[in-house]
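Down below is the structure, laid out as structure tokens.
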Amino acid sequence: MTFNWFVLGTSVAIGVSSGLVGREIMRRSVTGGLLATALIGLVGTVSGMFAILFVDELDLFGQAHLWYLVVTVSIPLTAVLLLLGWRTLSPAIRLLLMVPLLAAPTGIYATHVEPFRIEVDRVELQTEVGIGLRVGVFSDMQSIEVGDYENRAIDLLLAQEPDIILIPGDFVQLPRDEFDRRFEEFHEAMRRLGEGAPLVVAVNGNTDTAVRLRLLAMRTSVVVLDNEMLETVVSEHRVRIAGISLAEREDSIKPMLDEFFQSAEQEPVRIVLAHQPDEIARFTEADDIDLLVTGHTHGGQIAIPGFGPLITLSTVPRRVGAGGLHELDGHMVYVSTGVGRERDRAPQVRFGVRPSVGLIDFVSPGG
């Protein structure tokens, strides 16, 4: 039995047991039935966690997955059983029990609709250099396959005709045997991106490595940077890109950045490409950076209106981790909400944070 089915089964069991026990007790006392339902649900959830821990390690993402299913499956199922099993409830209690039912369609939307509503996140960067340059961002595909959705995301970015495409890591999330088996489809995705712009540059993230990316980039025009810098001319603009690997090796990063910041007769557009926005901490306001491009946060994947993302797994302010173009510590930082979503044991959801491909147009100040 897979982890996902095990967690779903645990959640359904919690819902059924809570509802049945609560219904029987509610025949004698409505208040007692509701309290028993809550208690059985809580005990069942904690017991479910320990059961999964016994079967296999339950990490932070696994715990989030179980709680997500409790909210969107167990609690609505419990409420349905209570409503159907006790028909003489007062209107107030019925209304109270109907509120949790809203979690079920919300869960369906967050699992099966919003994760595939990909959009183009268009922003303008006001700058004195590189005016007219268009940079596309394809971040965090983080996929276990390249299917219709992934190809649609690539098509969407290529249709914007960017001059540069930047890939800030987490392109693939597969164990070794699956990576070998699905190599060709991911290689084809990389090839298509490589043909989509005069310059395409990638760095690795949490779920991939520079070695894997270089394997996927073979026989394509995609350049993979592993604490390396490149300088070239794109659309008549001289561009320097520093690619910071997630495996941060300071002995290789420092000399690379020293070269990156060296002055030149024709001052280039300076772009830093990294997986995590936290990399902003290594730069001072005096450092000459035109743009830092990152991914990693997925915009939080779940955001509450008026509050923002619940968690971004980043040390940057929540408003920055939520995605988009921001000024932070004197530098312009673009954080992509990403194409995909967290895989493996995490709840594979998005709510209030649509997936996106980024599009950054360099424009003149005030223009």
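The values are calculated or read from the model by the stated rules, or taken from the named source; none is laboratory data. All values derive from a computational prediction rather than experimental measurement. Note that each Cβ is placed from the backbone with ideal geometry, even for glycine, and that neighbours are counted across all protein chains shown. The accessibility values were calculated without ligands, DNA or RNA, using every heavy atom of the protein model including side chains. Shrake-Rupley method; radii C 1.70, N 1.55, O 1.52, S 1.80 Å.
Residues are listed down the side, and each one gets a yes or a no for (1) open to solvent by 50 Å² or more (accessible area, probe 1.4 Å); (2) under 14 Å from VAL339 (Cα atoms):
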{"position": "GLN142", "(1), (2)": "no, yes"}
{"position": "ASP148", "(1), (2)": "yes, yes"}
{"position": "ILE154", "(1), (2)": "no, yes"}
{"position": "GLN160", "(1), (2)": "no, no"}
{"position": "ASP163", "(1), (2)": "no, no"}
{"position": "ASP170", "(1), (2)": "no, yes"}
{"position": "LEU174", "(1), (2)": "no, no"}
{"position": "ASP177", "(1), (2)": "yes, no"}
{"position": "ARG181", "(1), (2)": "yes, no"}
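Which residue pairs have Cβ atoms under 7 Å apart, sit 6 or more places apart or on different chains, and have a first residue in segment 333-348 that is under 20 Å from LEU69 (Cβ atoms) and a second that is of a type in the set (Gly, Ala, Ser) and not in a strand (DSSP E or B)?
Every condition considered, the pairs that remain are ARG345/GLY62; ALA346/ALA64; PRO347/ALA64.
Filter segment 239-281 for residues that are of a type in the set (D, E, K, R) and open to solvent by less than 70 Å² (accessible area, probe 1.4 Å) and give the result.
If the condition is that a residue be of a type in the set (D, E, K, R) and open to solvent by less than 70 Å² (accessible area, probe 1.4 Å), then ARG240, ARG270, ASP278, GLU279 are the ones that fit.
Which members of segment 344-367 meet the condition of being over 21 Å from GLY308 (Cβ atoms) and open to solvent by 20 Å² or more (accessible area, probe 1.4 Å)?
ASP344, ARG345, ASP361, VAL363, SER364, PRO365, GLY366, GLY367, listed by residue number.
All but one of (1) open to solvent by 70 Å² or more (accessible area, probe 1.4 Å); (2) not in a helix (DSSP H, G or I) hold for ASP121; which doesn't?
(1)
When ARG134 is evaluated against the numbered criteria (1) touching an Asp or Glu at 6+ places or on another chain (Cβ under 8 Å); (2) open to solvent by less than 50 Å² (accessible area, probe 1.4 Å); (3) over 20 Å from GLN301 (Cα atoms); (4) not acidic (Asp, Glu), which criterion, by number, is the only one it fails?
Answer for ARG134: the failing condition is (2).
Within segment 292-315, can you find the residues that are surrounded by fewer than 23 Cβ atoms within 10 Å (Cβ to Cβ) and either in contact with a Leu (Cβ under 8 Å, 6 or more places away or on another chain) or in contact (Cβ under 8 Å) with a residue 60 or more places away in the chain (or both)?
ILE302, ALA303, ILE304
When you go through (1) open to solvent by 20 Å² or more (accessible area, probe 1.4 Å); (2) modelled with pLDDT under 95; (3) not aromatic (Phe, Trp, Tyr) one by one for THR232, which number turns out not to apply?
Evaluating THR232 over (1) open to solvent by 20 Å² or more (accessible area, probe 1.4 Å); (2) modelled with pLDDT under 95; (3) not aromatic (Phe, Trp, Tyr) leaves (2) as the failure.
Residue check: is LEU225 more than 21 Å from ILE360 (Cα to Cα) and either among the small types (Gly, Ala, Ser) or touching a helix residue (DSSP H, G or I) at 6+ places or on another chain (Cβ under 9 Å) (or both)?
no
Give me the pairs, please: first residue somewhere in segment 250-267 and without any contact (Cβ under 8 Å) to a residue 60 or more places away in the chain, second residue anywhere and of a type in the set (Phe, Trp, Tyr), beta-carbon distance under 9 Å, and either six or more positions apart or on two chains.
If the second residue must be of a type in the set (Phe, Trp, Tyr), the pairs left are LEU257/PHE283.
Can you name the residue in segment 87-107 that is touching a residue at least 24 places away in the same chain (Cβ under 8 Å) and of a type in the set (Val, Ile, Thr) and, of all such residues, is least open to solvent (accessible area, probe 1.4 Å)?
Step by step, filter segment 87-107, then rank; the result is ILE93.
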